[in-house]
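Input: a single structure, listed below in structure tokens.
The values are calculated or read from the model by the stated rules, or taken from the named source; none is laboratory data. None of the values given here were measured: they were computed from a predicted structure. When we count neighbours, we look across all protein chains shown, and the Cβ atoms used for this are built from the backbone with ideal geometry, even at glycine.
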Amino acid sequence: MSQSSLEGVKKRPLLSILIGLFTLFIGYLLLWPVPFDPVAGPERAANPAGTGVFAKNNALAKAQLVESGHGPEGIAFDAQGRLHTGLHNGDVLRQKSDDGFELVGNTGGRPLGLDFDARGQLIIADGIAGLISMAPDGTVKTLATDFEGKRMLFVDDLAIAKDGKIYFSDASQRHAYGADIIEIFERRPTGRLMVYNPRDKSLAVLLDDLYFANGVALSESEDFVLINETFDHRIMRYWLKGPKAGTSDVFIDNLPGYIDNITEGPNGSFWVAVVSARTDDLDALVPSPFLRKVVWRLLQLTGGSPALEHSYAVKLDATGKPLVSLEDDSGHIYMMTSVLERQGKLYLGSLTNHAIGILEAP
């Protein structure tokens, strides 16, 4: 056998191996099981990022960072003006006079949205433990974990009315805390806006079929409550009073990213936290369940994520008109989940950062 023939024999097994590996890779991308059942959605409207109020800026990059611990998602102030936040490990922290933090207690879950009631109890939307309250000494009391015999998988944010009613979000009935990224790829709206009445301990659903129900805020006169739909880039309004009571409509649509919490601002305004910017690539996948499966498999293989280190703080007026947009894509402020305005300053929470951002309000 000639030398060239021997070389050909050696190359053929290697070529077969490469073809086999390529076939396995393609088969994985096209056929490997995924942990969700996607449906098609409508084509997205053009992303408004970079236009009008959303003109590019890096204003959030000027924020001072105050070390807190991993994931200070929600922020609330008590009657004494002390900042409280909840961390990834379940700890609830209270700011001390020397600007450090002390441990109040631990929820045993993942504290997300926070607000104080009229009695000084810290009401917590906990992604794992449900709707709970925490006394100043750290004592935890469960308010609601189940609705109609079924566990609420992902209690996310809340707002407390003057009459004591607690309006809160149950983000998804399909995917629990920690698996929420699946919602982007599945696009099945199962989130809910709910209300808990502490007087009779009753629980009711006000709105359902929401695309990942997240931030909750009440209007200044409490005639309506807002609920963010993270993966549909819009905010819904549910009317509590007046001729429209019991009905809902769109407060604002087509925001430039995946919206998280919303808080009440001065003069009837609202601050919206955009945890991550939209991308044209992900928007283009909305009508195609098959391609979303392919992209999911590829991300699992590479360890990639659709989330960008690019957050916005958007101020809306009482009618939903955008007034101000502050952003940062430098990595200084990232995965920003809450924006709270107090005494001329903005306090910025984060899902994954280890610090709270503080910035002069515009």
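The set of residues from region 35-69 being of a type in the set (A, V, I, L, M, F, W, C), under 20 Å from residue 283 (Cα atoms) and surrounded by 12 or more Cβ atoms within 10 Å (Cβ to Cβ) comprises 36, 40, 49, 54. Selection over region 156-177 of residues that are more than 17 Å from residue 263 (Cβ to Cβ) and of a type outside the set (Gly, Ala, Ser) gives a count of 7.
Starting from residues that are of a type in the set (A, V, I, L, M) and part of a strand (DSSP E or B), keep the ones in region 235-251 and report whichever is farthest from residue 195 (Cα to Cα).
Of region 235-251, the ones of a type in the set (A, V, I, L, M) are 235-236, 240, 245, 250.
Still in the running and part of a strand (DSSP E or B): 235-236, 250.
Values: 235: 17, 236: 15, 250: 19 Å.
Per the stated criteria, the residue is 250.
Quick one: in region 62-100, of everything that is among the basic types (Lys, Arg) and part of a loop (DSSP other than H, G, I, E, B), which residue is modelled with the highest pLDDT? Don't jump to the end; show me each part of the working.
At the first step, the residues of region 62-100 found to be among the basic types (Lys, Arg) are 62, 82, 94, 96.
Now restrict to residues that are part of a loop (DSSP other than H, G, I, E, B): 82, 96.
Numbers: 82: 96, 96: 91.
In this case the residue turns out to be 82.
Could you tell me whether region 277-285 includes any residue that is surrounded by 14 or more Cβ atoms within 10 Å (Cβ to Cβ), within 26 Å of residue 95 (Cβ to Cβ) and charged (D, E, K, R)? For region 277-285, residues surrounded by 14 or more Cβ atoms within 10 Å (Cβ to Cβ), within 26 Å of residue 95 (Cβ to Cβ) and charged (D, E, K, R): absent. In the condition set (1) surrounded by 17 or more Cβ atoms within 10 Å (Cβ to Cβ); (2) at positive phi; (3) out of contact with any strand residue (DSSP E or B) (no Cβ under 6 Å at 6 or more places or on another chain), residue 329 is compliant with all but (2). Restricting region 114-142 to residues that are under 21 Å from the mean Cα position of the chain (by Cα) and β-branched (Val, Ile, Thr) leaves a set whose member that is surrounded by the fewest Cβ atoms within 10 Å (Cβ to Cβ) is 128. Evaluating residue 308 against the criteria (1) of a type outside the set (Ser, Thr, Tyr); (2) without any contact (Cβ under 8 Å) to a residue 60 or more places away in the chain; (3) part of a helix (DSSP H, G or I) leaves one unmet condition, (3).
From the list 250, 274, the lone residue that is within 27 Å of residue 130 (Cβ to Cβ) and of a type in the set (Val, Ile, Thr) is 274.
Looking at region 121-131, can you tell me whether even one residue there is out of contact with any helix residue (DSSP H, G or I) (no Cβ under 6 Å at 6 or more places or on another chain), in a loop (DSSP other than H, G, I, E, B) and touching a residue at least 40 places away in the same chain (Cβ under 8 Å)?
Within region 121-131, the first condition is being out of contact with any helix residue (DSSP H, G or I) (no Cβ under 6 Å at 6 or more places or on another chain), and the residues that meet it are 121-131.
So of that shortlist, the ones also in a loop (DSSP other than H, G, I, E, B) come out as 121, 127-129.
Imposing the further condition that a residue be touching a residue at least 40 places away in the same chain (Cβ under 8 Å) reduces the set to 127-128.
Yes - at least one qualifying residue is present in region 121-131.
Scanning region 146-159 finds one or more residues that are out of contact with any Asp or Glu (no Cβ under 6 Å at 6 or more places or on another chain), under 21 Å from residue 244 (Cα atoms) and surrounded by 20 or more Cβ atoms within 10 Å (Cβ to Cβ).
Taking residues in region 284-304 that are assigned to a helix (DSSP H, G or I), and partners anywhere that are among the hydroxyl-bearing types (Ser, Thr, Tyr), the pairs with Cβ atoms closer than 8 Å and at least 6 places apart or on different chains are 297/28; 299/305; 301/28. Out of 261, 267, 228, one residue alone is closer than 28 Å to residue 77 by Cβ and either surrounded by fewer than 17 Cβ atoms within 10 Å (Cβ to Cβ) or modelled with pLDDT under 95 (or both). It is 267.
Taking the listed residues 272, 314, the one that is closer than 22 Å to residue 86 by Cα, hydrophobic (A, V, I, L, M, F, W, C) and in a strand (DSSP E or B) is 272, with no other qualifying.
Would you please name the residue that is surrounded by the fewest Cβ atoms within 10 Å (Cβ to Cβ), looking only at residues in region 181-212 that are touching a Lys or Arg at 6+ places or on another chain (Cβ under 6 Å) and within 26 Å of residue 306 (Cβ to Cβ)? Reasoning before the result, please.
Of region 181-212, the ones touching a Lys or Arg at 6+ places or on another chain (Cβ under 6 Å) are 185, 190, 195, 197, 205, 208.
Then drop every residue that is not within 26 Å of residue 306 (Cβ to Cβ), which leaves 185, 190, 208.
On the way: 185: 21, 190: 20, 208: 14.
Only one residue tops the list, namely 208.
Within region 49-62, residues that are of a type in the set (D, E, K, R) reach partners that are surrounded by 13 or more Cβ atoms within 10 Å (Cβ to Cβ) and at pLDDT 95 or above with beta carbons closer than 9 Å, at six or more positions or on different chains, in the pairs 56/49; 56/327; 56/329; 62/328; 62/332; 62/359. The single residue among 118, 161, 144 that is touching a residue at least 60 places away in the same chain (Cβ under 8 Å) and either touching a helix residue (DSSP H, G or I) at 6+ places or on another chain (Cβ under 7 Å) or over 21 Å from residue 93 (Cβ atoms) (or both) turns out to be 161. Checking the stated criteria, residue 205 turns out to be more than 28 Å from residue 335 (Cβ to Cβ) and in a strand (DSSP E or B).
From the set of residues in region 160-171 that are part of a loop (DSSP other than H, G, I, E, B) and either on the phi > 0 side of the Ramachandran plot or in contact with a Phe, Trp or Tyr (Cβ under 8 Å, 6 or more places away or on another chain) (or both), which is surrounded by the fewest Cβ atoms within 10 Å (Cβ to Cβ)?
Taking region 160-171 and keeping what is part of a loop (DSSP other than H, G, I, E, B), we get 161-165, 171.
Filter again for either on the phi > 0 side of the Ramachandran plot or in contact with a Phe, Trp or Tyr (Cβ under 8 Å, 6 or more places away or on another chain) (or both), leaving 161, 164-165, 171.
On the way: 161: 15, 164: 13, 165: 20, 171: 31.
So, considering only residues that are part of a loop (DSSP other than H, G, I, E, B) and either on the phi > 0 side of the Ramachandran plot or in contact with a Phe, Trp or Tyr (Cβ under 8 Å, 6 or more places away or on another chain) (or both), the one surrounded by the fewest Cβ atoms within 10 Å (Cβ to Cβ) is 164.
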